[in-house]
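Remarks on the structure that follows.
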Amino acid sequence: MNTTIPKANVYEKTGLPEMGLRNYWYPVFATWRLKIRRPKAIRILGEEIVLFRNKNQVFALNNQCAHRGARLSEGSCIYPHTDTLTCPYHGWTYSGETGKCVAKLMEGPKTKISVEARVKTYPVREHLGIIWLFIGDMPAVPLEEDLPECLSNTQEWHTIATWRTYKCNWRPLNDNLCYDLHAPFVHRNSPELIFQPIFPFASKVTTTKLEDGKGLGYTARGGISEENYPNLGKFPPPSEAFWRKLNPIGRGKELNPQTSQATKLYGIKYRHMSRLPTVTLVGRPSGDYFMCRWVTPIDSKRTLFYSVNAYRRKSKITTILDKLSWMLWHSWVHDWIFSDQDKKIVEEVRSDREQLSLSDAGVISWRKFMVENARNPNDGNKPKL
């Protein structure tokens, strides 16, 4: 007799669903990776999906044939210039647009096809070199409704995206990306920060609902660059910080409405923001750059993490310089090394216990906001669990 008692999960009491928030658009695949007539299997929010490109268009279907349950991703697009995908088992052929079976190849062209012979379709878009998928229980909203301005306005911004898979549920990663004060400790000696002024810690974090109602803006006030801890000594240790005796600038500085270019020229009020469904934006005081990090749940134990670097368009020369800067520095210093520091920790986080503290003010506010404001076709507020 098995007497094992299932471990409690701290997220159960938050109301955040294990498989993620439904009824939103998510980035799921790089455009260049989906070749013509070569289907790809993906799993998003626990659902098995096949992506395929035919007739110079991308389609998304449930990956299980209605006939005998074979995986459609093992099939092929044997009819070019149509929107169809054919099952590898008995040749049932489906329209990517409607999901209807339009032919049963092994039964002849005159065989009757019932209305039940169909598979689920998913709204899909290509944008910024990324394939986006709408997962939900309601008609898809326009993709632009779920994108921050720096990702929707391609006239003003250009982007470079990378992705990684985390071996963890989406919720610990989502917590890590909002303002939880881990950066001054975890990343203090990363190549990206080691030659910058000390990132302030012990700040008081407050949150404000964004004007469009789709997220929170974080503000950190106060904070210290070093402090003496009784019976321990200074933090950061002198060996780590002797060359960084400067006031925080850039990363560690909040936007000042009177002096910040981001606020004065572009009306950007917050350096750090979280938006529904799982988007985090961290910008610069110049207002010319945002790091957009998007968490896409795969299943209960895996998460797709998209990092989209958004640069404001100024001139052809600055666009070239932005790309060179990313290739030679930012791609490995931040998108790889910096993120890898988080990845190693988050993948090992245990979700059966937690003691939230002062540094978790942003986490607490963001969890609460998500539960109370997530899109839902049933009541418009609470997410479907």
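Step by step: first the residues of the range 63-96, then only those that are of a type in the set (D, E, K, R) and exposed (fewer than 15 other Cβ atoms within 10 Å of the Cβ), then the one that is farthest from residue 40 (Cα to Cα). Which residue is that? So, considering only residues that are of a type in the set (D, E, K, R) and exposed (fewer than 15 other Cβ atoms within 10 Å of the Cβ), the one farthest from residue 40 (Cα to Cα) is 68. Does the range 24-39 include one or more residues that are assigned to a strand (DSSP E or B), more than 20 Å from the chain's Cα centre (by Cα) and surrounded by 17 or more Cβ atoms within 10 Å (Cβ to Cβ)? Within the range 24-39, none of the residues are assigned to a strand (DSSP E or B), more than 20 Å from the chain's Cα centre (by Cα) and surrounded by 17 or more Cβ atoms within 10 Å (Cβ to Cβ). From the list 328, 304, 324, the lone residue that is over 23 Å from residue 217 (Cα atoms), modelled with pLDDT of 95 or more and exposed (fewer than 15 other Cβ atoms within 10 Å of the Cβ) is 324. In the range 261-293, the residue that is modelled with the highest pLDDT out of those that are part of a loop (DSSP other than H, G, I, E, B) and of a type in the set (D, E, K, R) is 288.
Inside the range 131-152, residues that are closer than 21 Å to residue 83 by Cβ and surrounded by 15 or more Cβ atoms within 10 Å (Cβ to Cβ) make up a count of 7. For the range 294-312, the set of residues classified as over 18 Å from residue 272 (Cα atoms) and touching an Asp or Glu at 6+ places or on another chain (Cβ under 7 Å) consists of 300 only. Of all residues in the range 44-53, exactly one satisfies the criterion of being surrounded by fewer than 22 Cβ atoms within 10 Å (Cβ to Cβ) and over 14 Å from residue 136 (Cα atoms), namely 53.
The values are calculated or read from the model by the stated rules, or taken from the named source; none is laboratory data. Computed from a predicted model, the values in this text were never measured in an experiment. In this analysis, Cβ positions are derived from the backbone assuming ideal geometry, glycine residues included, and neighbour counts consider all displayed protein chains.
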